Amino acid sequence: MKHKRILLIVTLILAISVLAAGCSRQPAEKTGVTGATDVRVTVTDGLNRRVEIKGVPKRVVSLAPSNTEIVFALGAGTTLVGVDEYSDYPEETKKIPRVGGFSNPNLELIIASKPDLILADDIHTSMIDQLSKVGCPVVLLRGNSPAEVQHNIQIVGQILDKTKEAEALVADIKKRLEAVKQKVQSVPPEKRPKVFYEVYSDPIMTAGPKTLIHSIIEAAGGQNVASDAATDWPQYSSEMIVQKNPEVILFPYFHGGESLTVEKIKTRPGWSGISAVLKKRVYPIDANIISRPGPRIAQAVEELARLFYPELFK
């Protein structure tokens with residue numbers, strides 16, 4: 001039973017994030033600009049596949065919440081004719097038909113949507129051949145760092161003929177991330193807070209060094225206590241967290257779902273002596289912004305930086 005629960009929560013984590021190490025990718029190439037229907041864009045996706053898209057897609061199916069957010073942020077939300085069940089931002093997303101779950105999209109519903117482009121996620125790697133049978137290009141996006149998220153935005157922008165919008169969005173993200181970097185760069189490594197992010201509580205699970213969450217913590221000027229973990233989502237005993245003695249504890253809250261609370265964490269056996277609990281530095285954070293490799297990544301870094309260094313971000 002516990003094994004099934006762990007599998008369920010890992011699927012949920014995947015549903016709001018891209019959980020994979022990056023592949024080497026090249027910028028998209030655009031050729032044949034003789035007319036709208038003649039435009040061809042060739043991109044190298046997260047599986048290092050060269051995918052050619054003929055014409056500007058008008059009917060897009062997104063199989064990941066992060067991809068959905070990118071399309072909307074580029075002003076192309078009206079092209080979406082199908083999204084996964086976890087896509088819930090922005091508000092307009094809720095009006096778009098669902099094409100199944102994040103980890104188990106429904107091929108029949110996808111086909112019924114008559115897409116001319118499918119934006120997939122790393123969890124769909126084993127399904128690429130099956131998705132390709134729909135008869136339209138499938139582009140898989142991976143993103144476990146701010147840089148990879150920006151790259152994905154540029155790829156989608158080129159595919160949807162929203163290059164200028166993508167450049168403006170990426171420029172804004174870079175500007176905001178640089179502003180945080182400038183403020184925290186004077187803090188020496190040994191003075192940066194040790195941070196524990198609790199992904200799940202039974203068993204206690206956190207984010208390892210190859211995850212987006214780790215990259216966000218580091219970009220905000222924190223030190224992930226799981227930076228030495230051998231896996232993406234390591235499980236720790238309660239005693240191990242006490243031993244690591246984090247100075248900041250973060251935990252996700254999910255919209256419309258049950259969440260951990262500060263009080264629950266504070267009252268765990270042995271945790272009253274942890275630095276973060278003693279100094280009242282236990283904080284909830286929106287699970288979507290910290291876990292989704294999408295356009296709100298700068299917001300996630302800014303929010304964590306304010307929690308880590310309130311004196312620098314008044």
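The values are calculated or read from the model by the stated rules, or taken from the named source; none is laboratory data. Just so you know, these numbers come straight off a predicted model, no measurement behind them. No Cβ is skipped: glycine too gets one built from the backbone with ideal geometry, and neighbour counts run over all protein chains shown.
Taking segment 186-229 as the search range and keeping residues that are without any contact (Cβ under 8 Å) to a residue 24 or more places away in the chain and among the polar types (S, T, N, Q), which one is surrounded by the fewest Cβ atoms within 10 Å (Cβ to Cβ)? If we take residues in segment 186-229 being without any contact (Cβ under 8 Å) to a residue 24 or more places away in the chain and among the polar types (S, T, N, Q), then 186 is surrounded by the fewest Cβ atoms within 10 Å (Cβ to Cβ). Number of residues in segment 42-62 that are within 23 Å of residue 97 (Cβ to Cβ) and part of a strand (DSSP E or B): the value is 4. Could we say that residue 46 is on the phi > 0 side of the Ramachandran plot and in the same structural domain as residue 107 (by TED's automatic domain parsing) here? So residue 46 fails the test. You will find that of 184, 156, 225, 180, the residue that is more than 27 Å from residue 74 (Cβ to Cβ), of a type in the set (Val, Ile, Thr) and out of contact with any Pro (no Cβ under 6 Å at 6 or more places or on another chain) is 184 and no other. Considering segment 85-121 alone, what residues qualify as being under 21 Å from residue 144 (Cα atoms) and under 17 Å from the mean Cα position of the chain (by Cα)? Hits for segment 85-121 are 86, 87, 88, 89, 102, 103, 119, 120, 121. Suppose the filter is at negative phi, at pLDDT 95 or above and either touching a Leu at 6+ places or on another chain (Cβ under 8 Å) or not aliphatic (A, V, I, L, M) (or both); does residue 72 pass it? Judged against the criteria, residue 72 is a match. Only one entry in 230, 207, 220, 226 is in contact with a helix residue (DSSP H, G or I) (Cβ under 6 Å, 6 or more places away or on another chain), modelled with pLDDT of 95 or more and more than 19 Å from residue 310 (Cα to Cα), namely 207. Within segment 70-106, being more than 17 Å from residue 130 (Cα to Cα), surrounded by 17 or more Cβ atoms within 10 Å (Cβ to Cβ) and of a type in the set (Val, Ile, Thr) holds for 70, 71, 79, 81, 83, 93, 96.
Looking across 172, 129, 116, 161, one residue alone is more than 20 Å from residue 287 (Cβ to Cβ) and free of Cβ contacts under 8 Å to residues at least 12 places away in the same chain. It is 129. Please work out if residue 68 is closer than 26 Å to residue 298 by Cβ, of a type in the set (Val, Ile, Thr), free of Cβ contacts under 8 Å to residues at least 24 places away in the same chain and not in a loop (DSSP other than H, G, I, E, B). Judged against the criteria, residue 68 is not a match.
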